[in-house]
Ligand code: ADP
């Protein structure tokens, strides 16, 4: 692992708590999803269910918070920008670390490192713009003042599909707003998280402000983070089922919470769309990260008049995608592990059993899968109702705009949606009718630090990025003064 890096000391193999790196004899393995080789062993934060280190991380965050809050926004800005600069400086190494533990093609890893860093810069700036209000009072000798203050200690749990940016976009708004944080990345991709702590330390971020705990017992660590009295806010990105459980756990101490959960993104191609642009957008929005993103296209809905043309061109473009080791110049890397690949393959098998037609694609290895194109899919199929999380394009046909919108909204999820049309009235109508937190119109790539990312329905609530993204990490205080 280290041989590939310019700075091998960026590989950290234990939790970062109160400015110190913890090592223990009890470890878990980090595996390269491409060939299942062992990358490194990482120290468990807890042993025999002893949660004292997780508790001490929360204690360190609480202790550091008052002083961090008392810094000016400008001081926090300087530290965060130093952190951002180091992410830029080491971006090639960060990308290699990510590809090794996560599998995505190096160019996508590099894109993600830049994307993660962009949240740090964005929120460093926004931290200087946490404004309050004054409101006309009911009496002449009274003032109503509204200020925004940090919530205190934030806890976060993040997934493996974007091991850098999912974490960066929680840490950055949290600390920009004057909070401290304890984060637990998944044990599948801990290195991309720990390197962020290493760079924060090099940037001079004070001890206790950012703490990262790594361990394979997700449930037990999660229980501490969601029930501890000293955690004021909990932020989660992951599956809807786990999110529901964690939301329940947070109820015990009435934490402020945000949840970014699963999606089931529709991608509608109307008969007035630019078909070539739609094909290009669908390829990007479907196959990025081997289809393992919560905003990945899950259902492609195509108007019957342009269906055959779209399918033909889509398959043509799909065939151009190279599948292989993410370290090589490929478009699609492995799926995260064999169970993930198996569950994708089960969804494909069940779709075919229910009448779908496989037009392209094949299994290459336990975790490698060339992109699959399915046609004759309908919305009742398991593959249409579940998040595929793999490189499978499931194409349905529709006849009218009303039907397309109805099909698109026919899911408990509501994160990202996409549609292609050149008709301005339709663009306005459909954008408003889609019950989703995000709509891409003639655009397949929608993520961006300046824009509010988040869902409705069972995709969760809260927004990440943008000026709205800070609100999740702030409390509003109203001060009524009579003079
Ligand atoms: P994904 O499908 O992205 O793996 P998960 O919801 O399973 O989604 O995982 C997201 C994050 O939640 C990961 O860090 C994982 O380790 C963690 N996690 C999974 N189950 C639990 C649990 N019961 N309690 C706390 N954290 C959990």
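Every number here is computed from the coordinates shown, using simple stated rules; none is lab data. Owing to the predicted nature of the structure, the values given are computational and were not obtained by experimental measurement. Virtual Cβ from ideal backbone geometry, glycine too; neighbours counted across all protein chains shown.
Given (1) surrounded by 24 or more Cβ atoms within 10 Å (Cβ to Cβ); (2) at positive phi; (3) more than 15 Å from the ligand (Cβ to nearest atom), where does residue 291 come up short, assuming only one miss?
Only one criterion in (1) surrounded by 24 or more Cβ atoms within 10 Å (Cβ to Cβ); (2) at positive phi; (3) more than 15 Å from the ligand (Cβ to nearest atom) is unmet by residue 291, namely (3).
State whether one or more residues within segment 304-317 are more than 23 Å from the chain's Cα centre (by Cα), under 19 Å from residue 285 (Cα atoms), exposed (fewer than 14 other Cβ atoms within 10 Å of the Cβ) and away from the ligand (no atom under 16 Å from the Cβ).
yes
Take residue 354 and tell me if it is surrounded by fewer than 18 Cβ atoms within 10 Å (Cβ to Cβ), without any contact (Cβ under 8 Å) to a residue 12 or more places away in the chain, farther than 25 Å from residue 270 by Cβ and out of contact with any strand residue (DSSP E or B) (no Cβ under 8 Å at 6 or more places or on another chain).
No: the conditions fail for residue 354.
Residue 193 versus (1) surrounded by fewer than 21 Cβ atoms within 10 Å (Cβ to Cβ); (2) free of Cβ contacts under 8 Å to residues at least 60 places away in the same chain; (3) assigned to a helix (DSSP H, G or I): which is the lone unmet condition?
Condition not satisfied by residue 193: (1).
For segment 163-214, enumerate the residues that are out of contact with any strand residue (DSSP E or B) (no Cβ under 7 Å at 6 or more places or on another chain) and at positive phi.
Answer for segment 163-214, where residues must be out of contact with any strand residue (DSSP E or B) (no Cβ under 7 Å at 6 or more places or on another chain) and at positive phi: just 204.
Please name all residue pairs, on different chains or six or more residues apart, with Cβ atoms under 6 Å, provided the first residue is in segment 242-264 and is in contact (Cβ under 8 Å) with a residue 60 or more places away in the chain and under 23 Å from residue 299 (Cβ atoms) and the second residue is part of a strand (DSSP E or B) and within 10 Å of the ligand (Cβ to nearest atom).
243/236; 259/236; 260/237
Inspect segment 461-482 for any residue being closer than 22 Å to residue 386 by Cβ and surrounded by 15 or more Cβ atoms within 10 Å (Cβ to Cβ) and give the result as yes or no.
yes
For residues that are within 21 Å of residue 273 (Cα to Cα) and surrounded by 23 or more Cβ atoms within 10 Å (Cβ to Cβ), tally how many sit in segment 409-433.
6
Taking segment 375-390, which residues are crowded, with 20+ Cβ neighbours inside 10 Å and more than 16 Å from the ligand (Cβ to nearest atom)?
Those that are crowded, with 20+ Cβ neighbours inside 10 Å and more than 16 Å from the ligand (Cβ to nearest atom): 375, 377, 381, 383, 384.
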